[in-house]
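The values are calculated or read from the model by the stated rules, or taken from the named source; none is laboratory data. Model, not experiment: these values are computed from the prediction. Every residue, glycine as well, gets a Cβ built from its backbone with ideal geometry; the counts of neighbours run over all protein chains shown.
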Amino acid sequence: MLMNRAIIFVNGNLSDLSQAKKIIKKTDYLIAADGGANHLKQLRLTPNIVIGDMDSIKPELLNKYKSIKYPTKRTRLILNWQLIFVWTKNSMK
C-alpha cells in the first residue's frame, strides 16, 4: 500500500480527537512520539512506529507496538530522529 504522507502524533492535550480522526487517511504512515501512542490508541488506530524515550507512553502499550527507543529526554532531538526516519522511509521508495 502506497503511503503518501506521514503524521506524527505527540504527547500532550488533544482536545478534539474526532477532528484528528477526520484528517487521517488509510494510506497515512502514523508515527507516535512515545506518548502520542496514547492518542492513537484512543482513536483506535495503530501507529506504524513509536519513536522516543518512552517516558510518556502508557505501560500497557510499550510492548504492543513496533518501536525505536532513544535514551534521551530532549523533545527536539526526538522529533529530529522522527523526521529523519520519515525522510529515510520516503527515500527508499
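Selection within the stretch 42-76: residues that are hydroxyl-bearing (Ser, Thr, Tyr) and within 13 Å of the chain's Cα centre (by Cα). The member of this set that is modelled with the lowest pLDDT is Ser67. The number of residues in the stretch 7-31 that are free of Cβ contacts under 8 Å to residues at least 12 places away in the same chain and acidic (Asp, Glu) comes to 1. A search for C-beta distances below 9 Å between a residue of the stretch 38-56 that is among the acidic types (Asp, Glu) and any residue that is part of a loop (DSSP other than H, G, I, E, B) and surrounded by fewer than 18 Cβ atoms within 10 Å (Cβ to Cβ), counting only pairs 6+ apart in sequence or on different chains, returns Asp53/Tyr70; Asp53/Pro71; Asp53/Thr72; Asp53/Lys73; Asp53/Arg74; Asp55/Lys73.
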